[in-house]
Structures are given as C-alpha cells and as structure tokens.
Amino acid sequence: MANSLSSSGCDHTQLELAVLQSHPEAPAKVALLWAARFQLGLLTMAELRERCEGMLANPLVLPTVPQYVSGFVQAIDPAPALKPFVVELLSKAFGTLPDTVLLPWLPKLITTLKDQAGGLIPGLVREAGRTFPGALPAVDTFVPPWSVEFTTATTPVAAAPRGPVTELLAAHPAACDALAGLLGVEGDWQEPGPAGNREVTGLLDRFPATAAALAAQLRVSAARS
C-alpha cells in the first residue's frame, strides 16, 4: 500500500476505492490504511490522533503498538506530512505509558523499525530534532506543539477582508478544504467583511492587478477543464 500512495500513474478515484474496500487486520497494515486515508483526505489529523490515543489507552492493543508505529513509519515516504505525527505518537507513548508497559515492547519496537523501516529512521530522527529543544535547560519549559490547545470561544475572529484574494478562495473552496484536511486544520468558512487595517490588505489595495489576473486565469482554466 505504501507504493500505491506514491504511484504517480495511479488514478485517484481508483486508489480511493481500493482504500475504502481494504480491511486489513495486521497492525502495521492497519496503520498504513489509516495513513492512506489521511493522505487521500478521507481522515483528518484530528481523527487520526483520536484513533491512536484510543490505541494507547487500550491495554489489549498496547502490545501491538510497535507494529502500528512501523506501519506509520513506512508511510512517511509517500506521505511526508506524517513525520510530525509519528514523532508525536512516540512522544505520547514514552511520556504517558508506565515502565511496566514500555520496557517489554521497547526491544520489539527497535527490531521492528530496524527490519521493516530502517531506511526511514534518519528522517524521523531529524524531524524529532526539529521538534524538541536542542539544549537541556530548555527541556523544562518545552511545550510540545501538539499539546497546545487553540481556544476560539473567547477570542473574536476578525472577518476576512474583501478583495481579489478573498474572492479567489471563495470561488475555489475545494482546494483550500483539501489542504486543510491534509494539515489537520479544522474550521468553517467566514463571511467576508470590510477590509481591516492590515499589511496584507494594504498590499492588495496597492497591487490589485496581480490577484485579479490570477483569479481570471483560474476562471479560464476551470472553464477549459
């Protein structure tokens, strides 16, 4: 399945149907299936995170965690957006699970990754290096990016300013929704409001021709297709 994710000649619809019809039982293949669904936009990052948190909370599933991790690591090559998530998954496992659970399957984790995804480990290590602080004193105050909660209830959301960019995004929402799904970003579309006093708004006011030309070109391309 990992090769199918990166196959440039594979029709997207056929791949999506194959993923929907796939029902593997082996933990590594289940992780690959989840990664494929995420890559195709059929599974959001929030949903993927919820499934893995349930996995770490299930005592019956914990012994198979190394196989799940192996599947996710194998999916990194065709789905590089999963690198931060794999680092997050391992960090949560080592940060929350007791030693009585970690110590028995730690050797299995090492051997499984070495045998099934050894060539992908260096990239995962580099991703971990970018995520965690490089100096020991900073560890005490380090806040993992996945633990930051974004609260919008008490923070008013400014209306999106009107203009060529807003009109362009509103005319082609599917591309934005697909990208947001891949990045695990959730939210609703805003109604455009009056332009605010922002640097971007001022830039668009000074150079509207570029955004207008791009919008016109996309409309022409959409009409031809």
Spelling it out for residue 43: with amide H atoms placed in the peptide plane at 1.01 Å from N, the residues 5 or more places away or on another chain with amide H under 5 Å from its amide H are 38
Output ordering of 89-96, 173-180 (per-residue mean of other Cβ within 10 Å, highest first) is 89-96, 173-180
With label points set 7 Å from each Cα along the Cα-to-Cβ direction at residue 142 and residue 115, the distance between them in nm comes to 3.0 nm
For the range 84-97, in residue order, the Karplus 3J(HN,Hα) values (coefficients 6.51, -1.76, 1.60; θ = phi - 60°; whole Hz; Gly and Pro = x) are x, 5, 5, 4, 4, 4, 5, 5, 5, 4, 6, x, 10, 7
Counting only protein heavy atoms and leaving out ligands, DNA and RNA, the solvent-accessible surface of residue 146 at a 1.4 Å probe, in Å² to the nearest 10, equals 60 Å²
Most packed first (mean Cβ within 10 Å per residue), the peptides 63-73, 78-88, 129-139, 44-54 order as 63-73, 78-88, 44-54, 129-139
In nanometres, the difference between 0.36 nm per residue of separation and the alpha-carbon distance of residue 25 and residue 214 is 63.3 nm
Sorted by chain and then number, the residues having a modelled amide H within less than 5 Å of the amide H of residue 76, at least 5 places away or on another chain, are none
The computed P(r) of the range 57-122 puts the percent of Cα pairs beyond 15 Å at 50 percent
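The values are calculated or read from the model by the stated rules, or taken from the named source; none is laboratory data. All values derive from a computational prediction rather than experimental measurement. When we count neighbours, we look across all protein chains shown, and the Cβ atoms used for this are built from the backbone with ideal geometry, even at glycine. SASA here: full protein model, heavy atoms, side chains in, ligands and nucleic acids out. Shrake-Rupley method; radii C 1.70, N 1.55, O 1.52, S 1.80 Å.
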